[in-house]
1. For the stretch 66-197, what is Rg from Cα atoms divided by 2.2 N^0.38 Å, rounded to two decimals?
2. What is the gain in length, in nm to one decimal, between residue 21 and residue 201 on full extension, counting 0.36 nm per residue of separation less the C-alpha to C-alpha distance?
3. Just by accessible area at a 1.4 angstrom probe, what is the order of 170, 61 from largest to smallest?
4. To two decimal places, what compactness ratio does the stretch 134-273 give when its Cα radius of gyration is scaled by 2.2 N^0.38 Å?
5. In whole angstrom, how far apart do the alpha carbon centroids of the stretch 80-104 and the stretch 225-264 sit?
6. Work out Dmax and Rg for the stretch 188-236 from the C-alpha atoms and quote the Rg first, both in angstrom.
7. Among 147, 87, 64, which one shows the highest mean-square fluctuation when the chain is modelled as a Gaussian network with alpha-carbon springs under 10 Å?
8. Using just the helices of the chain, give the 222 nm mean residue ellipticity in deg cm²/dmol: DSSP H runs with n ≥ 4 each add -39,500 (n - 2.57), and the total is spread over all residues, rounded to 500.
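The values are calculated or read from the model by the stated rules, or taken from the named source; none is laboratory data. Because the structure is a prediction, the values reported are computed rather than measured. FYI the Cβ positions are ideal-geometry reconstructions off the backbone, even for glycines, and counts take in every protein chain you see. For accessibility, only protein heavy atoms count, side chains too; no ligands or nucleic acids. Shrake-Rupley method; radii C 1.70, N 1.55, O 1.52, S 1.80 Å.
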Amino acid sequence: MSLHFTEPAKKHLGQNFLHDHGVIDKIVQAIAPRPGDVIVEIGPGQGALTFPLLKKHGEITAIEFDRDLHAPLQAAAQAHGVLHLIEGDVLAVDFTALAAARGDAQGQIRLAGNLPYNLSSPILFHALDHAGAIRDMHFMLQKEVVERMAAGPGSKVYGRLSVMLQAYCTVTPLFVVPPGAFRPAPKVDSAVVRMVPLPPERIVVRNRGTFAAVVRAAFGQRRKTLRNALQGVAESAQIEAAGLRVEARAEQVEVAGFVHLANLLHNAPPNAL
Ligand code: SAM
């Protein structure tokens, strides 16, 4: 740890600081910053990823909530490059506005970070809200969360997170990171994942709200058949019109099946039948 940082790790902020240089190098290599990229790091902490990224790239924007880390981060960053520190909650940062103001030549940013695990899902859904402004994302998360994100139909861990993310992004697990790579060591394995938002022409969801409602209802009671789980959301005739079996369970349905049903419902809500 650098002399600038004297505060102990704060559990409630999900602070598990990376100290394994092999892992840090692998993450920086996975991100592979190129000239002109605008990299935005979520939760720089004590700079474990920030400073190597700064050394390689020269300029980084980072968003950190813990005010005790702001001054030490700024001080330590000076030796490495230009750090634009956004002091606050990542969930309050409008990535679309940030990309418009400070993005690359295409008006996009690249997100990266060893995320606070207690906020993983809210951060992923927040990023999805701004997918058009994001070129790609490289995140460290709990291994179990990465497995859920990347799972396909038939898997025990295929669920709402898998379907919501895969409708908008390609999700690629990269490598597993053991607890010993962090201080303090978390109780679980971690993994690094890459997500690349699909280009607008490949996003086929017509209405995000309808899609989210269908997926939430379908997996809300994952042991039930679609006919029962989707009561009040879709009628049996609509489920069948979307090419799905009413006796199927959500965990058997492909992402495209949910998209198809949500698009059909968007055009003709259940009570319009
Ligand atoms: N990047 C550092 C590393 O790898 O050692 C720190 C990672 S630590 C797992 C997560 C970081 O996210 C912490 O620095 C924590 O203070 C920060 N954080 C927690 N909640 C946040 C929020 N809502 N917005 C921005 N940063 C947050």
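1. Ratio of Cα Rg to 2.2 N^0.38 Å: 1.13.
2. 60.9 nm
3. So, going from the largest accessible area down, we get 170, 61.
4. In units of the 2.2 N^0.38 Å rule of thumb, it is 1.18.
5. First find each Cα centre; the distance between them is then 39 Å.
6. Cα-based Rg and Dmax for the stretch 188-236 come out at 15.3, 42 Å.
7. So, out of 147, 87, 64, the one fluctuating most is 87.
8. Calculated at 222 nm, the ellipticity per residue is -10000 deg cm²/dmol.
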